[in-house]
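These notes are about the structure you will find just below.
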Amino acid sequence: MAAGGRQALVSKGPGGARCKLDASQLRALEAVLEAGPAVCGWSDQCWTLARIAEIVRRRFGAEYTLAGLDLLLHRIGWSVQIPARKATERDESKITAWKDEQWPVIRRGRRTWAPGSASRTRPVRA
């Protein structure tokens, strides 16, 4: 065996940087997130990674990249959500009718009168 043997192959634990927040700070962060952005001074109800990074920096004095913050949020059970935005004027019955009547016509595509070729040097023989 090479130098170190089996002992050198033993796992040293997970890689990467250690979490900058302790367990009580993580609980406090989760409480802030559950309270919502309006409590922290933002007018809308949408958390962004940049906003959360600012909260972490202000409250706990820890700097995180957006990617690192995303990993931290996943660790405490939060995930990135994109809100589904639908127009208030949306008419589901008209959309269904369009999909049933118009989409099949559009989807068929155009018909060509002769076989085509993508090659300029070797055209298709009819």
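General observations
- For a straight C-alpha distance cut-off of 26 angstrom, the lysines reachable from Lys94 (same-chain residues fewer than eight places away being disregarded) are Lys86.
- The residues of region 6-104 have, on average, 78 Å² of accessible surface per residue, using a 1.4 Å probe with all protein chains present.
- Region 4-106, accessible surface, carbon-and-sulfur percent (1.4 angstrom probe): 55 percent
The values are calculated or read from the model by the stated rules, or taken from the named source; none is laboratory data. Given the structure is predicted, the values throughout are model-derived calculations rather than measurements. In case anyone asks, the SASA skips ligands and DNA or RNA and just uses the protein heavy atoms, side chains included. Shrake-Rupley method; radii C 1.70, N 1.55, O 1.52, S 1.80 Å.
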